[in-house]
1. Can you pull out every residue in region 286-324 that is touching a Phe, Trp or Tyr at 6+ places or on another chain (Cβ under 6 Å) and open to solvent by 80 Å² or more (accessible area, probe 1.4 Å)?
2. If a residue must be closer than 24 Å to M132 by Cα and among the acidic types (D, E), how many such residues does region 215-266 contain?
3. Where residues in region 192-215 are surrounded by fewer than 22 Cβ atoms within 10 Å (Cβ to Cβ) and in contact with a helix residue (DSSP H, G or I) (Cβ under 6 Å, 6 or more places away or on another chain), which of them is farthest from H262 (Cα to Cα)?
4. What number goes with the only condition from (1) closer than 27 Å to T89 by Cα; (2) out of contact with any strand residue (DSSP E or B) (no Cβ under 6 Å at 6 or more places or on another chain); (3) open to solvent by less than 30 Å² (accessible area, probe 1.4 Å); (4) not hydroxyl-bearing (S, T, Y) that R253 does not pass?
5. Go through the residues of region 276-285 one by one and say whether even a single one is assigned to a helix (DSSP H, G or I), charged (D, E, K, R) and open to solvent by 70 Å² or more (accessible area, probe 1.4 Å).
6. Could you say which residue among D59, D16 is acidic (D, E), under 25 Å from L234 (Cα atoms), open to solvent by 20 Å² or more (accessible area, probe 1.4 Å) and in contact (Cβ under 8 Å) with a residue 40 or more places away in the chain?
7. When you go through (1) under 29 Å from H304 (Cβ atoms); (2) open to solvent by 60 Å² or more (accessible area, probe 1.4 Å); (3) not basic (K, R) one by one for Y150, which number turns out not to apply?
8. For region 107-124, what are the residues that are over 18 Å from the mean Cα position of the chain (by Cα) and over 9 Å from L60 (Cα atoms)?
Amino acid sequence: MKKNKNVLITGITGQDGSYLAEFLLGKGYRVYGMVRRSSTENFERIEHIKDRIELVEADLLDQLSMIHILKRIRPREVYNLASQSYVPTSFEQPLLTGEFTALGVTRMLEAIKLVDRTIRFYQASSSEMFGMSSESPQKLTTPFHPRSPYGVAKLYGHWITINYRESYNIFAVSGILFNHESPRRGKEFVTRKISYGVAKIKLGLAKTLKLGNLDAKRDWGFAGDYVDAMWRMLQQPKPEDFIIATGETHTVREFTELAFQHVGLDWKKYVGIDPKLYRPAEVHLLCGNYDKAFKQLKWKPNIHFRELVKMMVEHDLQALQESMR
């Protein structure tokens with residue numbers, strides 16, 4: 001009997017979705033991407049593979065649309081990457097964040113329960129669930145203490161995934177991914193804000209870069225590495241949760257300094273602090289222990305911090321230079 005190679009990705013137009021789609025195409029999957037009907041949908045990240053994937057319309061707010069899609073596609077695997085994922089927005093729109101990032105997970109799991117319980121489900125959990133952590137590095141046994149509506153919503157999504165696994169025997173796993181960046185990161189996120197801002201300053205298109213808390217410490221990896229771990233989780237003999245991280249921590253200040261250093265500039269001459277960019281409740285330190293993923297998934301990060309910063313700055317320099325021609 002031929003193995004079902006159909007796969008559904010929610011959030012396919014985002015950073016992780018685009019890298020995952022590329023990765024799964026390379027594995028011979030037939031990739032379906034779930035998109036919302038929207039006049040402002042941005043397909044830039046998947047433009048280069050759009051002719052090799054199939055986009056299907058549905059919405060995490062609409063239970064029936066997901067049931068219809070699962071019946072039509074009959075996927076072997078579902079990767080739920082869609083959410084309202086920007087932490088500052090979650091403070092401004094906490095109810096919307098809860099609908100997408102928390103209840104949206106339940107709607108997809110319920111659709112799987114109703115249509116086909118053999119579907120393997122991946123939930124994109126987040127290091128933001130740890131928030132004000134009592135220990136570092138954070139492990140699967142570390143108590144959660146989310147510090148934003150986004151972190152709280154992700155925690156609900158994490159636990160409802162475990163609940164459906166234990167209640168209905170669904171192969172459902174959560175990948176607790178620590179910060180992962182790339183040239184495809186949205187410009188509102190601090191890493192891309194820095195790399196893009198540095199490129200603009202270097203090319204004379206801007207004079208300053210406004211940032212918030214420079215002392216926040218994060219565990220930053222490359223998104224292209226992390227989607228490999230997502231896939232590995234769904235190939236295991238039994239469903240288990242994993243932390244995906246680098247085990248290293250760096251400050252926003254370090255990221256900024258390296259980015260400016262790469263283009264031969266002194267960051268102190270250009271960076272200003274804007275108090276409005278501080279979070280109402282700050283997460284000061286995130287660092288993940290990925291030992292379980294290393295041992296069981298045979299996974300480890302390939303792109304390290306300095307390479308990541310250089311990659312992002314180089315991409316933005318090149319893109320801006322091309323736009324100026």
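The values are calculated or read from the model by the stated rules, or taken from the named source; none is laboratory data. Not measured: the values here are computed from a predicted model. All Cβ positions, even for glycine, are placed from backbone atoms using ideal geometry, and neighbour counts span all protein chains on display. Accessible surface is based on the protein model in full, side chains and every heavy atom, while ligands, DNA and RNA are left aside. Shrake-Rupley method; radii C 1.70, N 1.55, O 1.52, S 1.80 Å.
1. Answer for region 286-324, where residues must be touching a Phe, Trp or Tyr at 6+ places or on another chain (Cβ under 6 Å) and open to solvent by 80 Å² or more (accessible area, probe 1.4 Å): just K300.
2. Result for region 215-266: 5.
3. Taking the candidates together, the pick is G212.
4. (3)
5. First, pick out the residues of region 276-285 that are assigned to a helix (DSSP H, G or I): 276-277.
Now drop any that are not charged (D, E, K, R), which leaves 276.
In the following step, the residues that additionally are open to solvent by 70 Å² or more (accessible area, probe 1.4 Å) were identified as 276.
Yes: region 276-285 contains one or more residues that are assigned to a helix (DSSP H, G or I), charged (D, E, K, R) and open to solvent by 70 Å² or more (accessible area, probe 1.4 Å).
6. Numbers: D59 fails: in contact (Cβ under 8 Å) with a residue 40 or more places away in the chain.
Answer to the selection: D16.
7. Unmet for Y150, out of (1) under 29 Å from H304 (Cβ atoms); (2) open to solvent by 60 Å² or more (accessible area, probe 1.4 Å); (3) not basic (K, R): (2).
8. L109, E110, A111, I112, K113, L114, V115, D116, R117, T118, I119, R120
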